[in-house]
Structure formats: C-alpha cells, structure tokens
Amino acid sequence: MSLFRVILSIIFPPLAVIDKGCGSVLIVFILTLAGWIPGVIAALIIINGSKK
C-alpha cells in the first residue's frame, strides 16, 4: 500500500481502486455517494487486501 494510493483514496476513493476491477470501483463509488467516509474505508480495505 503506497502513500500515493492512501492519499488518493482519501481525496477520491473510486480512483484509488481503478486497477482492482469494475466491481471494486462500482462498490466504492456507490459507498462514496452514500457517504464519503464509507467510501474511504472501503477503498482502504480493498487497497490493503491486495498483495501484489
């Protein structure tokens, strides 16, 4: 998890998970529309969960 992705997930969460697939982007986008904090939390979980 890079510092750039963490900052990007705080500013605009769907953009931070753009390379994780369409489903992840859609889920994070819907959560961001519902409330900014759930979108940030979901983006951080998705970013942290991927081990490349």
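Not counting ligands, DNA or RNA, and with a 1.4 Å probe, what is LEU31's accessible surface area in Å² rounded to the nearest 10?
About 60 Å², rounded to the nearest 10.
Could you work out the relative contact order of the chain, using alpha carbon pairs under 8 angstrom and six or more residues apart, expressed as a whole percent? Numbers along the way, then the final one.
Values: 53 pairs, mean separation 18.3, N = 52.
Relative contact order, the chain: 35 percent.
Would you work out what percent of the accessible area of the chain, with all protein chains in place, is carbon or sulfur (probe 1.4 Å)?
Taking all protein chains in place, the chain shows 78 percent carbon and sulfur surface.
The values are calculated or read from the model by the stated rules, or taken from the named source; none is laboratory data. Just so we're clear, the structure is a prediction, and the values are computed from it rather than from any experiment. With ligands, DNA and RNA removed, areas are computed over all heavy atoms of the protein, side chains included. Shrake-Rupley method; radii C 1.70, N 1.55, O 1.52, S 1.80 Å.
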